Amino acid sequence: MEKIILEVADVYGVSPEDIRSSKRSSQISTARKVAIYVVREITQMPLQAIGTEFGGRDHSTIVYSISNIETAMKHDDHLKQLVEDTIKNIRNKSHA
């Protein structure tokens, strides 16, 4: 979980604290949604547990974040590539 948040924070140029916070700037919000999506993709953690890690968010917020990124990736090739690269980087680091 921590590695994923650090990687996404690095990609988006925000701090891990920002990702866990309730700040709503578009850059932080997007980074948070991507982090939530990547956590779900890699760990298959329950939505409730992911919500707890991200500042006690409700599981419906987690569902929304995941579906929001899935929809955005269908329309935005750059975002899709960014998310796929982030997942690859995290998987490579955890196997290294």
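The table that follows gives values for the structure above.
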| read-out | value |
| --- | --- |
| Under 18 Å from Lys88, Cα to Cα: aspartates and glutamates that are on another chain or at least 8 residues apart | Glu2, Glu7, Asp10, Glu41, Glu70, Asp77 |
| Sum of side-chain charges, Ser94 neighbourhood, beta-carbon under 12 Å (Lys, Arg +1; Asp, Glu -1) | +2 |
| Accessible-area value, His59, 1.4 Å probe, nucleic acids and ligands omitted, Å² | 80 Å² |
| Under Karplus coefficients 6.51, -1.76 and 1.60, residue-wise ³J(HN,Hα) of segment 76-88 in Hz, glycine/proline x | 10, 4, 5, 4, 4, 5, 4, 5, 4, 5, 4, 4, 4 |
| Förster radius 22 Å - calculated FRET efficiency between Gln27 and Gln48 (Cβ-Cβ, nearest 0.05) | 0.25 |
| Accessible surface of segment 1-58 [probe 1.4 Å, protein heavy atoms]: carbon and sulfur percent | 47 percent |
| Residues Ser15 and Lys80, FRET efficiency given R0 of 30 Å [Cβ-Cβ distance, rounded to 0.05] | 0.75 |
| Positive-pole candidate from Pro46, Met1, Asn89, dipole of the chain, charges at beta carbon | Pro46 |
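The values are calculated or read from the model by the stated rules, or taken from the named source; none is laboratory data. It should be emphasised that the depicted structure is a prediction, and the values quoted were computed from it without experimental measurement. Cβ sites come from the backbone with ideal geometry, for glycine too, and all protein chains shown count toward neighbours. Calculation scope for accessible area: heavy atoms of the full protein, side chains included, ligands and nucleic acids excluded. Shrake-Rupley method; radii C 1.70, N 1.55, O 1.52, S 1.80 Å.
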